[in-house]
1. When the stretch 39-92 is examined, which residues are found to be at pLDDT below 85 and closer than 19 Å to V25 by Cβ?
2. Whether any residue in the stretch 107-121 is under 26 Å from A18 (Cα atoms), β-branched (V, I, T), exposed (fewer than 13 other Cβ atoms within 10 Å of the Cβ) and modelled with pLDDT under 85 is what I want to check.
3. Within the stretch 21-36, how many residues are among the acidic types (D, E) and more than 11 Å from N102 (Cα to Cα)?
4. Could we say that R34 is out of contact with any Gly (no Cβ under 6 Å at 6 or more places or on another chain), surrounded by 13 or more Cβ atoms within 10 Å (Cβ to Cβ) and part of a loop (DSSP other than H, G, I, E, B) here?
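The values are calculated or read from the model by the stated rules, or taken from the named source; none is laboratory data. Treat the numbers as computed from the prediction; the structure is a model and nothing was measured. Here the Cβ positions follow ideal geometry from the backbone for every residue, glycine too, while neighbour counts run over all protein chains shown.
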Amino acid sequence: MSASQWAYLGLVVLVACARLVELRVAARHLAWARGRGGVERGAGHYPVMVALHSALLVGAPLEVWLADRPLVPGLAVAMLVLLVAAHALRWWCIRSLGAQWNTRVVVVPGLPLVHGAWLTATMFTVANLALLTWRVRVEEQALAELAAPRPAT
């Protein structure tokens, strides 16, 4: 393996370590939520999500090594900046949400709508559902266009 491939493997290991730290935080938060009557929903997807994320962390360096992918410096720097920014945003979310952040879907009774703003919560839930429906359609269209055969030139 080249020096850049070793460096890339090191970066992926750092990301994996960060994910392990997140899982420890999530386990603490899960215990907190369960201690307050929290109930997990949709747990069946969780092992699939863990497997998928683990496969990404294994597959990316394997592809670089087995397919002997070259390092493209400009792309590497841009993606490294994006990775650092994404991790900063991720940890900002974790810290902002505090004990209510988790990698699992856990509902704790009495926490939503603590101050009774049910009208705002309802309106924004409906608006967000409409927005996400729109976004999913846009993403599906983009993927369909990407998969469509291109005319020969």
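1. A43
2. yes
3. 0
4. no
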